[in-house]
Structure formats: C-alpha cells, structure tokens
Amino acid sequence: MSFLGQETKERLNAFGNRKIVVGIPSYNNEETISFVVKQAYRGIAEYFDEDGLILNCDGGSSDQTRNVFLETDTLSIPKLSFQYEGVAGKGSALIAMIEAAYTVGAEALVFVDSDLRSIAPGWIYRLAAPIAEGKACYVTPYYRRHKFDGTITNQICYPITSVLYGKEVRQPIGGDFGVSRQMMEVYLAQPPETWQSDTARFGIDIWMTTLAINEGRLPVFQAALGAKIHDVKDPGKHLGPMFTQVVGTLFSLMERYQEIWAANADFPVTAPIFGDLAETEVEPLKVDLENLKRKARVGAEKVHDFLRPSLPLDYVPILNRILREGVCDSPEWIRFVFWLSKTAQRRAEKELWMESLIPFYFARVASFVEKTKDWTEEDAEQEVRKQMKLAYEMKGELIEVWK
Ligand SMILES: Nc1nc2c(ncn2[C@@H]2O[C@H](COP(=O)(O)OP(=O)(O)O)[C@@H](O)[C@H]2O)c(=O)[nH]1
Ligand SMILES: [Mg+2]
C-alpha cells in the first residue's frame, strides 16, 4: 500500500538520493513553521554536508502554513510540501513522510513539530547521528519541559512504557524523533487497518516508539535537546481527545506485546542519552487547577453509570473521591490504569472505556499540580520518577489482571 499521490512520488524521484530527511507535520502553524524550517536547514548544512531534504506534510491548514514553509529560504537544500490522503491526523502525515523518506533512500528521518520555538540545528544532529553512526534504530527526544507540560507523558506514557518493556524512555511521545531505515520498513509493513485507527491520529508517537523498542534491531536512544518550548496546552481544556488516542494506542499495543512485557521483571534500564545535558530554562505555564478538579468531578459523574456496574469493589472509593474532590493519588491511579488497560481491550465499547479514564486523568493531574505547585522543576521531576518506580513495584498486579 502507498501513502503518496502520483505527483508527490514523481517529485520525490526527481530529488535522487538524500541522506537526511527532516519531516515537519503541520496544521495551522504559520506563525512558527518558518523558524523550524530554518533550524532544520542549518542542521543539515552544518552537520550533514547539505545532503538532505525537508518535507512538510500538512493536514489542510486554513492559514498560510504551506506558503510560509515553501517561501522559507533553504538555499541548496530542497523542500517539498504535500498533503496526505486518508484519515485526518498527525499519524497519517507521519506515515506519508516515512514513505517519502524511504523513497529517497534516507539513512535517517528526523521528525520535528512545527510549533517548536526552542529548536536549534543541533537537534537535527542529535536526533539523526545515533542512527547515521549505526548505533540506534530510533531516537526519542530528551528535553526539559515545564513541570505542568507533558501531562500525558508524565502521568501515563513514561511510567507505563518504561515498566512494561524494561527501557526507561523519558519522552516516548515527545513528537521529535529520529527514525532509521530499518524502522521505516517496519512501519510501512503494518496492516492497512492500522491507518484507520488512532495510530493515524495522535496515537502515532507512542506507536512508533513502542514498535522501535520491541522490533528494532539496534537500541533506542535518547537525544539531549535542552528545553522544549512549543505552543502548550492546558490539560483541563485541550487534551481530552488527544489523551484517548494516545492511551488507547498504548493499551492496544499491550495486547500485541503481552508475551514480551509479562515475561520482563527487570527494573527499567535508562535508554542511552546522546549528547550533553545542558542547564536550560523552561517557560512558565499556567494550569487552571480549579477547572481541572471541576472537570474531573463532572466527568466522573458522567461516566459513573457506565463504569460503576463493572468496577471491582476496591476501586469504588477511587471513583467516589474523584466525584467528591476531583483528585487522585499515584497508587490509586496506577491501579486503575492497570485494570482499565485490560478491561478496555476486552470490551466492545472501547471508546466509552477510554473516555471513562479521562476524569481519572484530570484528577491525577490535579493532584500532581496541587502537590508540586510550589516545588522546583527538579523536585517535580523526582516526583514523576517516583511514580514510575511505584508502577514498577506494582507490575505484578498488571500481570495478574491480564492473565
Ligand atoms: N499534518 C497534520 N499535522 C498535525 C495534525 N494535528 C497536529 N499536527 C501537527 O503535529 C505536531 C504536534 O501537534 P501539537 O498540537 O503541537 O501536539 P503536542 O505538542 O504533542 O501537544 C504539530 O507540528 C502539529 O502541527 C493533523 O491533523 N495533521
Ligand atoms: Mg506542540
């Protein structure tokens, strides 16, 4: 199956072989994309002898994103902007760019988001070099983010992925990745129905990372990138649909790789970090705590009638506390996530099950924000790591639930 239109294929063929491809997905990013393109250009020029290509795959922006992309001067390095076919979403854009990079014989494909404001040429180097040097099959970003940014990462993707597969990957869904040719082949070989699922939307990041951990012939690396500054979202206001797409994909993959993770009892080993960690500042980010708690309470009321009849008795107090206070502590959260990962997988109404996790997520984020609001970034980071360790200690419960 192909993800590219005839015209895009012809234009790609005209470029010949390109060593490093930078792929930039976009959707209404006219304000920020030009800066990203310039940094990508500099990265290819400085570190890879100008042997590269810059791609943009757009989701039908209503603003000037594509024109801004095309008008940004990249001198000797060619650019191509195209739109994908199929389901609307970031995943459709990424798989199309994977095919495009593969077509031009790229050794490494680097994805960077078009809303990045802290990207530098070194990002391209650090995401691509471990692959170009034959050390890694896939590179995830390792950056500092504000303690209230990356809540889906911190509360679920980081701890669960690390504990399942025994590799500590701090940013499994960071959005900025390096992809080897071997992994491009793996991704392109998946069954067509993959591209009708949440993998075609925001599930793509956790999907690519999980497949790389489990199917890569070389290790997964992390690239030290400094700070991530981008258009941030308040979890209580913007992250609901993204949450179900990401976590629904994470749960589906647990089924696929059950034999692997159920047999793995090791404490997660930190994936190698490429490049020096620099001291960096993050931008302030405001989270509306009262709104989060209210969303958690209202959401819990909504899902109550659906959830309550199937909920094991010991879990009822977790739900009751969210109904009353809109908060949820770490052990209760992990326990509920473990239970739901299997339950959602088994039932017909997967979407309803996934939606019933949202109030728990809001409540968990509210508790985290409340606890760490006056803490330093470092201390909040330790709290996130503590929850990963707790999930590790509780892994036996997960294995039981899935038996
Ligand atoms: N082509 C395409 N790109 C998208 C779509 N949705 C998001 N993106 C891009 O994917 C990247 C990540 O999206 P963003 O909203 O910043 O998500 P976050 O940073 O992970 O919270 C950005 O570059 C977006 O422009 C889509 O439907 N189609
Ligand atoms: Mg972003």
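Couple of notes before you dig in:
- Qualifying residue in the range 101-108 (condition: away from ligand 2 (no atom under 16 Å from the Cβ), surrounded by 23 or more Cβ atoms within 10 Å (Cβ to Cβ) and outside any helix (DSSP H, G or I)): yes
- Matching residues, the range 152-175, being polar (S, T, N, Q) and surrounded by fewer than 24 Cβ atoms within 10 Å (Cβ to Cβ): Thr153
Let's see how each residue does on (1) in contact with a Gly (Cβ under 9 Å, 6 or more places away or on another chain); (2) touching a residue at least 40 places away in the same chain (Cβ under 8 Å); (3) under 14 Å from Asp176 (Cα atoms):
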| residue | (1), (2), (3) |
| --- | --- |
| Ser92 | yes, yes, no |
| Ala108 | yes, yes, yes |
| Phe111 | yes, yes, yes |
| Arg117 | no, yes, yes |
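- Test: Ala129 is farther than 24 Å from Thr244 by Cα, touching a helix residue (DSSP H, G or I) at 6+ places or on another chain (Cβ under 8 Å) and among the small types (Gly, Ala, Ser): yes
- Against the conditions (1) over 22 Å from Lys350 (Cβ atoms); (2) surrounded by fewer than 21 Cβ atoms within 10 Å (Cβ to Cβ), Lys228 satisfies every one except (2).
- Residues that are more than 11 Å from Val179 (Cα to Cα) and surrounded by fewer than 24 Cβ atoms within 10 Å (Cβ to Cβ) within the range 120-141 comprise Ala120, Pro121, Gly122, Tyr125, Glu133, Gly134, Lys135, listed in sequence order.
- Taking the range 197-235 as the range and being in contact with a strand residue (DSSP E or B) (Cβ under 7 Å, 6 or more places away or on another chain) and of a type in the set (Phe, Trp, Tyr) as the test, only Phe221 passes.
- Matching residues in the range 257-301 - criterion: being of a type in the set (Asp, Glu) and either modelled with pLDDT of 95 or more or over 30 Å from Pro359 (Cβ atoms) (or both): Glu259, Asp266, Asp276, Glu279, Glu281, Glu290, Glu301
- Of the helices (runs of 4 or more DSSP H) entirely within the range 6-83, those holding at least 1 residues that are within 22 Å of the chain's Cα centre (by Cα) and modelled with pLDDT of 95 or more occupy 33-47.
- Considering the range 157-200, and only residues there that are among the aromatic types (Phe, Trp, Tyr) and touching a helix residue (DSSP H, G or I) at 6+ places or on another chain (Cβ under 6 Å), the residue that is farthest from Arg18 (Cα to Cα) turns out to be Tyr165.
- Failed item in (1) in contact (Cβ under 8 Å) with a residue 40 or more places away in the chain; (2) within 21 Å of Lys371 (Cα to Cα); (3) within 16 Å of ligand 2 (Cβ to nearest atom), with His230 passing the rest: (2)
The values are calculated or read from the model by the stated rules, or taken from the named source; none is laboratory data. All figures in this text were calculated on a predicted structure; none of them were measured in a lab. Note that each Cβ is placed from the backbone with ideal geometry, even for glycine, and that neighbours are counted across all protein chains shown.
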